[in-house]
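One structure is given here, and the rest of the page talks about it.
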Amino acid sequence: MSREQKIHAEQTPRVPLSPIKPPGEVTPQEKADIASLLANGDSGLALEQAKRIHKRCRTAASEALLLEAYLARIPALANRGLENETNALIQLVSERYPAARERLRTVTALFASAGDGIHDLLRPLNDEMLAPERRMAILKSIRCRVSDLSAISECSALPDGHPLRIAAAALVRALEAVTTSPMADAELALPEISRQSPLAPWKMLVRAVAAFYRREDSLCEKYLAAIEPDSVAARLVPGLQTLLGQHQTLSPAALTLVNQVGGTLEELRSGLEKLDKLLNRRDQSESCRQIRSVVAECQTSCPDLLERLKQHISIRCMRAGLKRERVSQALGGWGSLKNAYFWKLLARAYEQSKQTPDSTLLTCYVWEEFRRHAVHEGWFPEKGPEAATLYLHIADLILHLHPDDARNARWMFAARFPGLASYYEGQPAEIRALMLPNKVDLSVIDPDNVFARACEADPCSENFQRWFDWTKQQAPRLSDTVAERWFARIPEDVKPLLHLMSSAEKRGAFQTAFDYMQRAEMIDGVSPEVRKARFRLLLSMATRHLQKKKTKLAWPELNQLAALPQTQQGDRRAYVAALNWVGCMILGREEEAEKERSDVFAVLNNEIATRLVLRGAASACKFQGQLPDLSQDSKEPVTAAVGRACALGEDVGVPIGIPAKLSAAILRELTANHGTIELQALYALGEAALHQETHKLAYAASAAGLAGSPAGHARFLFLRARALPYWEDLRQDACLGAASELARRQRDHGLLDKIGNWRDEELGPLGPVASDVSMSTEEVDRILQQEKAKAAFPASNPNTDGATHVDEDRSCNCPACLKFAEEAPEEFVEFVNTYGPETVTQALAELVDEEIKHRKKKQQKRDVGF
């Protein structure tokens, strides 16, 4: 340097050097942008941004972000078939970032080869000594890279019971199910997949899809937000968000998926809404034009739904009353496909319409058509629970009809129904092959046949029970046949045997009943019903043989009776001894007979009761020999003794009558003292009095029972109601209602059945109805107190003491009638205005006269004064 240059350099002011800037930090927004790009599959742009960020920051965080972008870019290039570029990028990352070589091997294993890539990735998980860092890297790769769940579930590198394979298999099933049919909440639980599982994002995706199809948008968004952005499942999030109405930038693959699911159905939806309004107005011409429009739109936007849409439109037009020919032309010439789905829609449409006998039977016929097509198309097998359930549904529809209406309607339907052949016009050959002749098959709408088909399809106890219950109510003559078929198909079920045993016993076939009972004992020997049956049948068989004086056959049965545990209950031993007494008397063995008589007295410990039981057994066995005298030879109370004998007779099923010689004494004792007899004996005494039509004695027994323990109030109110004379209909109604209410509270179903049966048999068309309505506690207590206070039998009919105020034309201006006219229901007033007062008066008069005749006829049978 010359001297001048040195001087110039010294005189030139020095510019200070700028300080070195510290490395920058990666912002949260930058991390989010990179993650979003990777989630959307744009790994190239994500890598470019990561490079710029790392060039600026040069920190461990920016390096980690760059490695994530590289590790996403490598499989993206491999998936596009760019093998050279992929290998070059792997080598570059391996040389620049040696610490990432382990993760790099894990990523490259995913696309190494179709058969071995997933195996190489998952095989290290079998090593229990695998380093935690390596395990976490593999699990992260599964979460962020693996999109083929079936490859994991079928990967032989892991054992069959490995949690990862089980979780992947469950997800494969769930994804298929959630995109084909609705899923229950229990099915969406997926307990095989924990929160820490690398497949947890898929679990959230399954739930989001289920919520989407249930139109629970807020819940769907909640599940989508729970999916990790860097997971493979997150690639489907933008598509679902678009389907929810949110604007998203979609990749071509995501856009295709959205279109397939229904993202472009807005125009079709609006067209269907317009069609629905036109159908509501029943505008036939405009509706047909709109049908053509929506069919064309569906053909363009979602052709997969076209056939189902045509079927729904055809059913909707049928309900709107449009002509089938015009609708078929609008749908494309031949209408919709008449497969199983169509018949199901048609049957449901008929069910939702106004039901008449004809329409109900038509619905049943269409359900049968659906069953045949569904079996042909493989919806369910011809025999199985599904077919049985359908048959039972058809039976339920038929049973909604009144039995008389159903019987007549079936024949009328068969005469008028044109068949279903018109529905098969223009259909494919495979559907026309299922068409039946126009002749109506009555078995399809016959409940007995339908129940039989249900039991044939699925022979279980529940189905046979429904068939059996129907025969008991509507066709008792078929009950034995159903029970026999039930037992033949399910030999281990005791219920049909019990019915067959009872049926044989009722018609006097005691040996047959006994054989059924022995079979039932082999199946369920501890059943109380079976054990009671053995005692009852042996008793009946022994009685039958004694009636025919076949004592040699009766003795073994009586010995078996004596050995039964059931015979030791209550006073039954006394009745068995009484039958032995009858047998000895038939053979003329007076000494042995006296011994048996002593055994009866030893049990009952009362001479009057002993004589009554002996006479009752003799009467049951039709013994005409010398009987014990019933004259009262002592002043001891007789009510308890007679009541005990009547209770024993009721227990063994042999009515023991109350002698007229003792009736007056019993009535005096009941009137004088109410607390000297047990409730069971007292009730049996009242029942025996009713059986003999001695209503004053039955009334006195009810008074004694109502004065006793509250536990018997229900039964004694029922006894009181039957003992009342016919003119006490209001009291009878009140007693029946209170008895029913108390029986319901005590869950005494046997008494409720007795009350219902008696009302059906004894009361006329205007009988009391209070027993059908629940009563409050206050009402029941009030009726109880009123009946307790009326201990005396009603002496006379108050309606015959004075003249009636109703004249010949059944009109009256008395205060009572005027008040009734003012308070008459609006329906009654409308009825009178419609048909005229003369017609209504005549109809009511005939109804009242019929009721009075019924009650007078019933009263004539009563011996009010003994």
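The residues of the stretch 609-651 that are farther than 27 Å from Thr671 by Cα, among the aliphatic types (A, V, I, L, M) and either part of a loop (DSSP other than H, G, I, E, B) or open to solvent by less than 20 Å² (accessible area, probe 1.4 Å) (or both), listed by number, are Leu614, Ala617, Ala618, Leu627.
Here is a check on your reading of the model: is Val576 in contact with a helix residue (DSSP H, G or I) (Cβ under 8 Å, 6 or more places away or on another chain), within 20 Å of Lys550 (Cα to Cα) and among the β-branched types (Val, Ile, Thr)? Judged against the criteria, Val576 is a match.
Only one of these is open to solvent by 60 Å² or more (accessible area, probe 1.4 Å), out of contact with any helix residue (DSSP H, G or I) (no Cβ under 7 Å at 6 or more places or on another chain), at pLDDT 85 or above and basic (Lys, Arg): Arg348, Arg372. Name it.
Numbers: Arg372 fails: open to solvent by 60 Å² or more (accessible area, probe 1.4 Å).
From the options Arg348, Arg372, the qualifying one is Arg348.
Exactly one residue out of Thr242, Thr249 is in contact with a helix residue (DSSP H, G or I) (Cβ under 6 Å, 6 or more places away or on another chain) and at pLDDT below 85, and it is Thr242.
Kindly indicate whether any position in the stretch 681-704 is small (Gly, Ala, Ser), open to solvent by 50 Å² or more (accessible area, probe 1.4 Å) and under 26 Å from Gln785 (Cα atoms). Before you say what the answer is, go through the steps one by one.
Applying the first criterion (small (Gly, Ala, Ser)) to the stretch 681-704 yields 681, 684, 686, 688-689, 698, 700-704.
Applying the additional criterion that residues be open to solvent by 50 Å² or more (accessible area, probe 1.4 Å) yields none.
No: zero hits.
For the stretch 766-785, residues that are open to solvent by 80 Å² or more (accessible area, probe 1.4 Å) and either modelled with pLDDT under 75 or assigned to a loop (DSSP other than H, G, I, E, B) (or both) total 4. Total residues in the stretch 162-173 satisfying the condition of being hydrophobic (A, V, I, L, M, F, W, C) and either open to solvent by 50 Å² or more (accessible area, probe 1.4 Å) or within 22 Å of Phe212 (Cβ to Cβ) (or both): the figure is 4. Just one residue in the set Leu158, Leu139, Leu171 is among the hydrophobic types (A, V, I, L, M, F, W, C) and either modelled with pLDDT of 90 or more or under 35 Å from the mean Cα position of the chain (by Cα) (or both); that residue is Leu171.
Answer yes or no as to whether Val444 is aliphatic (A, V, I, L, M), in contact with a Phe, Trp or Tyr (Cβ under 9 Å, 6 or more places away or on another chain), assigned to a helix (DSSP H, G or I) and farther than 26 Å from Leu337 by Cα. Answer is no for this residue.
Residues in the stretch 657-678 that are among the hydrophobic types (A, V, I, L, M, F, W, C) and surrounded by fewer than 18 Cβ atoms within 10 Å (Cβ to Cβ): Ala660, Ala664, Ala665, Ala672. Within the stretch 133-157, the set of residues being under 19 Å from Pro229 (Cβ atoms) and in contact (Cβ under 8 Å) with a residue 12 or more places away in the chain comprises Ala137, Leu139, Lys140, Ser141, Ile142, Arg143, Cys144, Arg145, Val146, Ser147.
Hand me the list of helices (runs of 4 or more DSSP H) wholly inside the stretch 450-512 holding 1 or more residues that are more than 25 Å from the chain's Cα centre (by Cα) and surrounded by fewer than 22 Cβ atoms within 10 Å (Cβ to Cβ).
Working: elements: 461-474, 479-489, 495-506.
Ranges flagged: 479-489, 495-506.
Each residue in the stretch 442-459 was checked for being more than 16 Å from Leu397 (Cα to Cα) and in contact (Cβ under 8 Å) with a residue 60 or more places away in the chain, and 4 of them qualify.
Summed over the stretch 517-538, residues that are open to solvent by 90 Å² or more (accessible area, probe 1.4 Å) and of a type in the set (A, V, I, L, M) total 2. Taking residues in the stretch 578-596 that are among the aliphatic types (A, V, I, L, M), and partners anywhere that are open to solvent by less than 40 Å² (accessible area, probe 1.4 Å) and not in a helix (DSSP H, G or I), the pairs with Cβ atoms closer than 6 Å and at least 6 places apart or on different chains are Val582/Cys621; Val582/Phe623; Met585/Gly625. Residues that are open to solvent by less than 40 Å² (accessible area, probe 1.4 Å), closer than 27 Å to Ile74 by Cβ and either touching a Ser or Thr at 6+ places or on another chain (Cβ under 6 Å) or touching a residue at least 12 places away in the same chain (Cβ under 8 Å) (or both): does the stretch 174-186 have at least one? No, every residue in the stretch 174-186 fails to be open to solvent by less than 40 Å² (accessible area, probe 1.4 Å), closer than 27 Å to Ile74 by Cβ and either touching a Ser or Thr at 6+ places or on another chain (Cβ under 6 Å) or touching a residue at least 12 places away in the same chain (Cβ under 8 Å) (or both). When you scan the stretch 236-253, do you find a residue that is more than 22 Å from Gly41 (Cβ to Cβ), surrounded by 17 or more Cβ atoms within 10 Å (Cβ to Cβ) and touching a residue at least 24 places away in the same chain (Cβ under 8 Å), even just one? No, the conditions are met nowhere in the stretch 236-253.
For the stretch 138-197, the tally of residues that are under 26 Å from Arg103 (Cα atoms), of a type in the set (Val, Ile, Thr) and not in a helix (DSSP H, G or I) stands at 2.
Could we say that Leu742 is out of contact with any Gly (no Cβ under 6 Å at 6 or more places or on another chain), part of a helix (DSSP H, G or I), of a type in the set (A, V, I, L, M) and open to solvent by 50 Å² or more (accessible area, probe 1.4 Å) here?
On the way: out of contact with any Gly (no Cβ under 6 Å at 6 or more places or on another chain): yes; part of a helix (DSSP H, G or I): yes; of a type in the set (A, V, I, L, M): yes; open to solvent by 50 Å² or more (accessible area, probe 1.4 Å): no.
Considered against the rule, which asks whether it is out of contact with any Gly (no Cβ under 6 Å at 6 or more places or on another chain), part of a helix (DSSP H, G or I), of a type in the set (A, V, I, L, M) and open to solvent by 50 Å² or more (accessible area, probe 1.4 Å), Leu742 comes out as no.
Pairing each residue of the stretch 39-63 that is farther than 20 Å from Leu77 by Cβ and of a type in the set (Gly, Ala, Ser) with any residue that is open to solvent by less than 50 Å² (accessible area, probe 1.4 Å) and part of a helix (DSSP H, G or I), provided the two are 6+ apart or on different chains, yields C-beta distances under 7 Å for Ser62/Ile53; Ser62/His54.
Filter the stretch 418-433 for residues that are in a loop (DSSP other than H, G, I, E, B) and open to solvent by less than 30 Å² (accessible area, probe 1.4 Å) and give the result.
Within the stretch 418-433, the first condition is being in a loop (DSSP other than H, G, I, E, B), and the residues that meet it are 418-420, 425-428, 433.
Within the stretch 418-433, Gly419, Leu420, Gln427 qualify.
Scanning the stretch 378-400 turns up no residue that is on the phi < 0 side of the Ramachandran plot, part of a helix (DSSP H, G or I), over 24 Å from the mean Cα position of the chain (by Cα) and touching a residue at least 24 places away in the same chain (Cβ under 8 Å). Collect the residues in the stretch 218-235 that are open to solvent by less than 70 Å² (accessible area, probe 1.4 Å) and in a helix (DSSP H, G or I), keeping them in residue-number order. If the condition is that a residue be open to solvent by less than 70 Å² (accessible area, probe 1.4 Å) and in a helix (DSSP H, G or I), then Leu219, Cys220, Tyr223, Leu224, Val232, Ala233, Ala234 are the ones that fit. Being among the small types (Gly, Ala, Ser) and either outside any loop (DSSP other than H, G, I, E, B) or over 21 Å from Ala168 (Cα atoms) (or both) is the filter; apply it to the stretch 80-126 and report the residue that is modelled with the highest pLDDT. Only one residue tops the list, namely Ala88.
The values are calculated or read from the model by the stated rules, or taken from the named source; none is laboratory data. Everything quoted here is computed from the prediction, not taken from an experiment. As a convention, Cβ positions derive from the backbone with ideal geometry for all residues, glycine included, and neighbour counts pool all protein chains shown. We work out accessible area using only protein heavy atoms, side chains counted, and drop any ligands, DNA or RNA first. Shrake-Rupley method; radii C 1.70, N 1.55, O 1.52, S 1.80 Å.
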